[in-house]
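Here the structure is laid out as structure tokens; the discussion comes afterwards.
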Amino acid sequence: HCLAVRAVCQREIDCDRGCGYSWKITLLRNYWKSKVKQEWLSGKYSNIPSQLSLPEKSMYPMDVDTWGEILEAELER
């Protein structure tokens with residue numbers, strides 16, 4: 001699971017590990033973020049008509065760098 005999460009959230013995982021968090025804590029801190037981020041990056045929400053069309057679990061607190069990655073992926077589509 002840690003490697004799958006790191007594939008999507010490498011910056012976050014590396015930062016947490018660098019701060020001394022164990023793999024267990026790092027996984028707990030980043031698991032759901034990686035799931036939501038992967039859905040955004042894969043284009044699942046590229047053609048939504050409005051914010052009301054988003055499933056409730058599609059949102060997760062993400063930093064500006066993560067939203068930048070998502071925007072870059074959208075611009076490449």
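When the chain is treated as a GNM, springs tying every alpha-carbon pair under 10 Å, which of I25, I13, I48 comes out with the largest mean-square fluctuation? Between I25, I13, I48, it is I48 that shows the largest mean-square fluctuation.
Among W32, W40, W23, the largest mean-square fluctuation in a Gaussian network model of the chain (Cα springs under 10 Å) belongs to W23. With all protein chains in place and a 1.4 Å probe, the accessible surface of the chain carries 58 percent carbon and sulfur.
Accessible surface computed residue by residue for the chain, with neighbouring protein chains in place and a 1.4 Å probe, gives 71 Å² per residue. Cut-off 10 angstrom, C-alpha nodes, Gaussian network model of the chain. Which of K44, K35, K24 fluctuates the most? Highest fluctuation among the options: K24.
In a simple Cβ point-charge model (Lys, Arg +1; Asp, Glu -1; nothing else charged), the chain has a dipole of about 380 debye relative to its Cα centre. The count of lysine pairs in the chain that are at least 8 places apart or cross chains, and whose C-alpha atoms lie under 12 Å apart, stands at 4.
The values are calculated or read from the model by the stated rules, or taken from the named source; none is laboratory data. Small disclaimer: the values here were computed from a predicted structure and weren't measured. All Cβ positions, glycine included, derive from the backbone under ideal geometry; neighbour counts span all protein chains shown. SASA here: full protein model, heavy atoms, side chains in, ligands and nucleic acids out. Shrake-Rupley method; radii C 1.70, N 1.55, O 1.52, S 1.80 Å.
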